[in-house]
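**Student:** Next up is a structure, given as structure tokens.
Laboratory data are not the source of any read-out in this text; all were calculated from the coordinates shown. Bear in mind that the values here come from a model prediction, so they are computed numbers and not experimental data. Note: ideal-geometry Cβ built from the backbone for every residue, glycine included; neighbour counts use all protein chains shown.
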């Protein structure tokens, strides 16, 4: 975190990498905008109503691009909400890409970029969907080599609103981290997550997750993700990551624990499929 403007906006300096864990967004032509939700974590999205990221993104793009068409959107939810994993923002960005295919709007078009920024500081990076450093208010993106290796994600099933965590940050601001030639592991070793303190003040369990994961054999580059409450650790070998998951699930059965891997640059955007739906209409699906 580099500082806060007089208007309350935060200037960030963040490294973002994408992993092989996704929600799925589908868009089908319709007269108006609507959203249905399924998946193991669907309840959290339904409780938000129209404030959820998918409908917010769709409404923003529709207004800014002057589109009169609608879309029937469906979200299959697997990424924990309120965990600092950018799940909601990534869902909104996936909706933008799906609707861009549906409505004929380029991902590089100004309305698409503006709608992504409206989702939050990580909106532009999620729209780009490639490993990068994000600066300024999130739109200053610098490409970063996609990291290799395996990741364990741990979420203690406690949600935190991003706005509350940011509001709890008091500074002082950090200096920008060097961007050139640094891997994710090197970046983590050289820096701190400035939102960790305010997140842990709101949810003390964050400290417990950090300590527990750091003690697991093979874990390195342990850090809270984004604005929390999830924590990640990098592992050199898949078998070590899978062993860590088994250990953590035995010790902390109420925690959400997953082993996954970093996505290469060519595979980050996920599968985008266009084809005939049950009614023969065009359907666009974006995996996030």
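**Student:** Rank the residues 91, 13 as a footprinting-exposure proxy: fewest other Cβ atoms within 10 Å of their Cβ go first. Intermediate values should be presented prior to the final figure.
**Tutor:** Details: 91 31, 13 20.
Final ranking by Cβ density, sparse to dense: 13, 91.
**Student:** Give me the one-decimal nm value for the distance between modelled label points at residue 239 and residue 59, 7 Å along each residue's Cα-to-Cβ direction.
**Tutor:** Distance between the two pseudo-spin positions: 5.2 nm.
**Student:** Using a/c under 1.5 as the rounded threshold, could you call segment 147-262 rounded, prolate or oblate? The axes a ≥ b ≥ c are square roots of the C-alpha gyration tensor eigenvalues, and prolate needs a/b larger than b/c, oblate otherwise.
**Tutor:** Oblate shape, in that a/c is at least 1.5 and b/c is the bigger or equal ratio.
**Student:** Semi-axes, largest first, in whole Å: what does sqrt of 5 times each Cα gyration tensor eigenvalue give for segment 210-261?
**Tutor:** They are 15, 14, 10 Å, listed from largest to smallest.
**Student:** Then there's this: So, in nm, how far is label residue 254 from label residue 192 when the simple model puts each one 7 Å beyond its Cα toward the Cβ?
**Tutor:** The modelled label-to-label distance comes out at 2.9 nm.
**Student:** Pulled fully out, how much extra length does the chain show between residue 44 and residue 170, if you take 0.36 nm times their separation in residues and subtract their Cα-Cα distance? Mind showing how you got there, number by number?
**Tutor:** Numbers: separation 126, 0.36 × 126 = 45.36 nm, distance 2.94 nm.
Separation in residues times 0.36 nm, less the Cα-Cα distance, equals 42.4 nm.
**Student:** A further question on this structure: Counting alpha carbon pairs within less than 8 Å and at least 6 residues apart, what relative contact order, in whole percent, applies to segment 147-262?
**Tutor:** Value for segment 147-262: 45 percent.
**Student:** Round to the nearest 0.05 the FRET efficiency obtained for residue 109 and residue 30 when R0 = 22 Å and r is the Cβ-Cβ distance. Mind dumping the intermediate values first?
**Tutor:** Working: r = 22 Å, r/R0 = 0.99.
The value I calculate is 0.50.
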